[in-house]
Amino acid sequence: MIQEEMTLSWHRKLRKDLALVFDDNLETRKWKNIADYVIIGVILLSTIEIFLSTFNITPSCREVLYWVDVFTLIFFTIEVSLRIWVAPELHPEMSPVKARMRYVFSTQGLIDIISTYPYYLQWLLPMSISWVKVLRLSRTLRIFRVSRYMKSWRLLVDAVHEKRRELFISMQFLIVVTFILSVILYFCEHDAQPEAYGDGFSSVAWSFAQYIGDPGGFGDTPPVTVLGKIIACIVGLLGIAIVAVPAGILGAGFTEAIEKESNREQLAINREKLRVSFETKLDRPSGYQVVPPYRTFAHIQSRQGMTMDDIIETVNVTPGYRLVNLSATIPIEKNPLDNLAVEHFVFNRPYGVMIDRNSPFTIIATSSYIDDCTVFFGYYLAKIGGFNFISREFGVKAPSRSFYMVKDDSPNDGFCEYMEDVEKLLSRPGAWSLTYLIASGANEPEYPTQVHFGTGNAKGMTSTGDLISDKPKFESFIADVVPSLEEKFGVKSDAGLYHASNSPKLYLRRINRVQPGNDILMRIAWSVALWDPNRIVIAKAIADSINRKILGLPGCPDNPTLKDKAIGYV
């Protein structure tokens, strides 16, 4: 998982690091791998202690076992509690509560909790000896915790899970047939052996006893009639089938599970290939190391040796990546050709990403998951300027439901969490926002200008609208950024000429504020945000104007990480 770390608090960083410990992967490097083996060692120590406690040993040895029991209990209590705490890091696409509930009610989670927490009840509540024994017996479940590290156990569970329907149908058939034969056996044997076959239950019990080795002695009264003996032979054959059929099904499932495991291992290799494809590269105009906004299929195939099917499969199951068609970023009148590529994005929220840099200014992208390769410009605009950043990265592309225009029935797909984060950042004293959108691509025509600013006005109105309360600062910003972009980069701007921003459905109008807001809307052409060689320098110019004219700062803050080599967004 690739997530933003720069601005995380110390406890969040600790939680991220511990998540790598509790990923149950014995191949994790360095101390995180050692932690896995320590957990396995304590599980085995607890198992040995439980086994030795069954022997008649000396009081001194029993006291040692008691303290071993106390140590393992405290160790597992801390470990299981930490697993619950770090669950949101293992499932960042979920809310923290849902992620923790997913762990608690999973098979492994239930084993962890039942084998640990109930043991404290004997010290908190008065209990009989029998209940104390039950609690002590729950400790034996700890041995099953080793299974999360065992590939063989995982393959067996996968085989049973994949073939559960076939197993159920075969067992259902055998049980029904056995029951029918048992009823027929009763009518054949009742007159000949009335004491042994006094009712239908006796014949059913006799038949099923043949399958499990007759532990209750039901098989001591075999049939004596000819038809009864024939039925007994059929039951004997079913006894073979009741083992052979499920064994064959499980064998096939086990083979499939091994193949899937092999595919998973290959998928892990492909994931790493995909990850390193987004190593930062030097952006020469700015001198910054930046993540590529996309990688074409041809690039990944030539550099990483992946087939098209490999790329599609890997992207579909790897968080932080999505398939894009670069033709959508080019106006339709230019007759663009389809060009499949992979886009990488950062995420740490159910809806996408929120990076809080404690700035009064926030860059907001409401539609990055729809508009291909737009997160790149917004991310670096925020990072270079030292601004907060919010972007929606998850959703469905068709039918698209952007957070930009919100209907009464729209709150879904992380919308509530999104609005909570927006309100949190925009409720700060002196807060400003810039909502970043894309223009002039796909079915939208090219305009004479490439950057379009909006402030809540109807289309064609160039005066400052109702989204801005501090109009002098905004007008100072416009007076600075517009000529700067045109003189340095040939990028023309307008305010309200081609796009309306006065809709009552605008998400900014749903924010609960304690003070008047200052919200800028900016649509920027794909030709600038994605295809212009100076795109990062253009982002820096906009960020510099924001800092100087709106925030009253000297310019963009120094950020050493922009000069560091890395893989992915950091």
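Give me the number: length gained by fully extending Ile143 to Leu227, i.e. 0.36 nm times residue separation minus the C-alpha to C-alpha distance, one decimal in nm.
On the way: separation 84, 0.36 × 84 = 30.24 nm, distance 4.96 nm.
Full extension from Ile143 to Leu227 adds 25.3 nm.
Straight-distance candidates among the lysines for linking to Lys473, with alpha-carbon spacing under 16 Å and chain neighbours fewer than 8 residues away dropped: Lys549. Candidate cross-link partners of Lys505 among the lysines, defined by an alpha-carbon separation under 16 Å and a same-chain spacing of 8 or more, comprise Lys407, Lys459. For percent of Cα pairs over 40 Å apart, the value computed from the atomic coordinates appears in the list [x] 35; [y] 21; [z] 47 under label [z].
As a check on your grasp of the helix formula, calculate [θ] at 222 nm for the chain: sum -39500 (n - 2.57) over DSSP H runs of n ≥ 4, divide by the residue count, round to the nearest 500. Walk me through the intermediate numbers first.
On the way: 18 runs with 270 residues, N = 570.
Using -39500 (n - 2.57) per qualifying helix, the result is -15500 deg cm²/dmol.
Once the GluC sites (Glu not before Pro) in DSSP loops with at most 10 neighbouring Cβ atoms within 10 Å are cut out of the chain, the longest remaining piece is 196-570. Rg and Dmax over the alpha-carbon atoms of segment 37-149 stand at 15.6, 54 Å. Shown for the chain are the DSSP H helices of 18 Å or more along their axis, judged by Cα atoms, with a mean Kyte-Doolittle hydropathy of at least -1.0: 31-52, 59-90, 164-189, 226-276, 471-489.
Let me check I've understood the local charge: for Trp526, count other residues with C-beta under 9 angstrom from its C-beta, Lys and Arg +1, Asp and Glu -1. What total comes out? Walk me through the numbers before you get to the answer.
Details: positive: none; negative: Asp371, Asp372.
Result for the neighbourhood of Trp526: -2.
Kirkwood analysis of the Cα pair distances in segment 355-424 returns a hydrodynamic radius of 12.7 Å. Ignoring aspartates and glutamates fewer than eight residues from Lys383 along the same chain, the ones with Cα atoms less than 16 angstrom from its Cα are Glu4, Glu5, Asp283, Asp356, Asp544, Asp558, Asp564. Per the Debye formula with a single identical scatterer at each Cα and no solvent contribution, what log10 I(q)/I(0) holds for segment 264-367 at q = 0.10 Å⁻¹? Each listed q corresponds, in turn, to -0.37. The length gained by stretching the chain between Glu313 and Thr255 to full extension, at 0.36 nm per residue less their Cα-Cα distance, is 18.7 nm.
One way to sum up the overall shape of segment 482-570 is the equivalent ellipsoid from its Cα gyration tensor, whose semi-axes run 26, 20, 16 Å, largest first.
Read-outs throughout are calculated quantities, based only on the coordinates presented, and are distinct from any laboratory measurement. From a predicted model like this one, the values you see are computed outputs, not experimental measurements. Cβ sites come from the backbone with ideal geometry, for glycine too, and all protein chains shown count toward neighbours.
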